[in-house]
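J.: Here it is, the structure in full.
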Amino acid sequence: MDEKTPWGKLHEECIIHDFDNFVKYFDDELASVVLSLVICANDLKICLDLIFTEKNEFPHKANYFFKLAISHLRELATVVGKKGELVQNFLQRHNDKTLLESWKILEDNLANYEGLVKDVLKEVRDDAFHYEYSKETVSALKNFDKLQVAYQKKGVFKENPIGQVYLFGHKVSGTIMNVHLDKKSVQKMSEASSNLFTFVDSLLHIAQQEDVYLRSLVKKLTKNN
């Protein structure tokens, strides 16, 4: 990767803005939670972008990125459940009502283990990535009359074993997703993702607009602790 353009073509499509690194004033635990939120937001945006890019031409790929997005949300929910109080305490001291309300909405989405996390995210993640399947799932495989495999006609993967696509596997995988997911579940996941983006964007917006104020505030709060 070119050192002058470390983000590839991203610099051509976006305006890259630098602002003060307010996270350096946080203790390591709080900084770690903020980093989890930011990286998860990035990962989810990549997954969502690829879902919509691939869903028409290659739905099996979109299905994979959807499972991946669910896994990212599940892992973030674990972090929020364990360490979300750190963020809330900081925001309460910051006394920014809008940002605190944004956090409470996100926390309500993810910190409550019962509901979205336990009933949807965990079950789908376990089935999608643990590769241990129920008798019902195995039966779905056995019920196929034929096992379809796709081979690429051209390109770098032609006549190469890793160019094969086991379509019957994708079909079973899609069945698993349909068992766990309904319109209400998908809506909940969409809300959680949207609320994550809103919170992270709001946090960084404050840093952009109030660099000097935030630095002094964080230093003050850190001294008080």
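J.: Would you confirm, using the coordinates I've provided, whether ALA140 is at pLDDT below 80 and either surrounded by 11 or more Cβ atoms within 10 Å (Cβ to Cβ) or over 26 Å from the mean Cα position of the chain (by Cα) (or both)?
T.: no
Rundown of residues vs (1) hydrophobic (A, V, I, L, M, F, W, C); (2) assigned to a helix (DSSP H, G or I); (3) surrounded by fewer than 19 Cβ atoms within 10 Å (Cβ to Cβ), yes/no style:
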residue	(1), (2), (3)
PHE19	yes, no, yes
ASN42	no, yes, yes
ILE51	yes, yes, yes
LEU76	yes, yes, no
LYS82	no, yes, yes
SER102	no, yes, no
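J.: Also, I was wondering about something else. Looking at region 84-100 only, could you name the residues that are touching a residue at least 12 places away in the same chain (Cβ under 8 Å) and either among the small types (Gly, Ala, Ser) or assigned to a helix (DSSP H, G or I) (or both)?
T.: GLY84, LEU86, VAL87, GLN88, PHE90, LEU91, ARG93, HIS94, THR98, LEU99, LEU100
J.: Continuing with the same structure: Check LYS146, LYS153 and return the single one that is of a type in the set (Lys, Arg) and either surrounded by 10 or more Cβ atoms within 10 Å (Cβ to Cβ) or at pLDDT 90 or above (or both).
T.: Values: LYS153 fails: either surrounded by 10 or more Cβ atoms within 10 Å (Cβ to Cβ) or at pLDDT 90 or above (or both).
Residue meeting the stated conditions: LYS146.
J.: Among the residues of region 42-62, is any among the β-branched types (Val, Ile, Thr), within 14 Å of PHE129 (Cα to Cα) and either within 15 Å of the chain's Cα centre (by Cα) or at pLDDT 90 or above (or both)?
T.: Residues of region 42-62 that are among the β-branched types (Val, Ile, Thr), as a first pass: 46, 51, 53.
Applying the additional criterion that residues be within 14 Å of PHE129 (Cα to Cα) yields none.
Within region 42-62, none of the residues are among the β-branched types (Val, Ile, Thr), within 14 Å of PHE129 (Cα to Cα) and either within 15 Å of the chain's Cα centre (by Cα) or at pLDDT 90 or above (or both).
The values are calculated or read from the model by the stated rules, or taken from the named source; none is laboratory data. Note that the structure is a prediction, hence the values are computed from the model and not measured. FYI the Cβ positions are ideal-geometry reconstructions off the backbone, even for glycines, and counts take in every protein chain you see.
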